[in-house]
Amino acid sequence: MKIVLIGYGKMGKAIEEIALQEGHEIMLKLDVSNPQDFTTENLQKADVAIEFTSPHSAVENLQKCFDAGLPVVCGSTGWLDQWAEICQYCNERDGALVYASNYSIGVNLFFELNNYLASLMSKHPSYEVKLEEIHHTEKKDAPSGTAISLAQQVLKHYPAKKNWVNQPSNNPNELAIISERIDPAPGTHKIKYYSEIDDIEIIHTAHNRKGFAGGAVMAAAFLIGKKGIFTMKDVLGL
């Protein structure tokens, strides 16, 4: 594959390393240092783009890729208030998008486990539930996109809980997400069910960025030749 990397921070560099190891070509790296190279002509020379930037630039970056007819794998979080707009933009231009809050294969299996455990625990009202997440101090959004995805899965099974909040809460209608920013911490997510009798926890801890990067490259290969909007469930066949 000929890949355009949009965003060349820590994740971009990790993706580059994995992609090169697998024999792919990084034909263009775009970041704040070379915005003049972010052109339709350059994008159209590639097979796929992988976008890991910030909440403030992701939407415009995706739109540029769709305008150029370039499939794009997006891992930026914090912009999903514009999700419907991006889906419409993608479909109107016959584009292709994989979006995930987390591309780690382990995390996506963890999503499946979280959804199943929530369906079991919701039948036992003596247990309360909360989420905790830890990331490095450079992470721009809190809670993490992964934590929000996990929370949405839990809320689906708990109709009495109306929303999540990013703070401790004793309100039975709220699902608490506790965010910590500590270096070095690629990412830890915990869902805890607790009662006066006992606790049940599931935890995913990333040791480095290789899992995220490998999943993003896998998603890029999956997207070649496709049209529409996909998730890691599609990529992994879950």
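Springs between Cα atoms under 10 Å define the GNM used for the chain, and in it the highest mean-square fluctuation of Asn114, Asn42, Asn61 occurs at Asn42.
The packing ranking of peptides 15-21, 232-238, highest mean first, is 15-21, 232-238, where packing means the average number of other beta carbon atoms within 10 angstrom of each residue.
Each of Ile50, Ile86 has some number of other Cβ atoms within 10 Å of its Cβ, and from fewest to most they run Ile86, Ile50.
By other beta-carbon atoms within 10 Å, ranking Ser122, Ser101 with the fewest at the front produces Ser122, Ser101. Based on DSSP H segments of at least four residues, each scored -39500 (n - 2.57), the chain has a per-residue ellipticity at 222 nm of -10500 deg cm²/dmol.
Remark: relative contact order (the chain) = 22 percent; criterion is Cα-Cα distance under 8 angstrom and separation of 6 or more residues.
What separates the Cα centres of region 169-229 and region 66-141 is a distance of 9 Å. Label sites at Lys13 and Asn163, each approximated as a point 7 angstrom past Cα along Cα to Cβ, lie 3.9 nm apart. Partner aspartates and glutamates whose Cα lies under 17 Å from the Cα of Lys192, excluding those fewer than 8 positions away in the same chain, are identified as Glu112, Glu128, Glu132, Glu133, Glu174, Glu180, Glu201.
Read the figures in this text as sums done on the coordinates, not as results from a lab. Note that the structure is predicted; figures quoted are calculated from it, not measured. Virtual Cβ from ideal backbone geometry, glycine too; neighbours counted across all protein chains shown.
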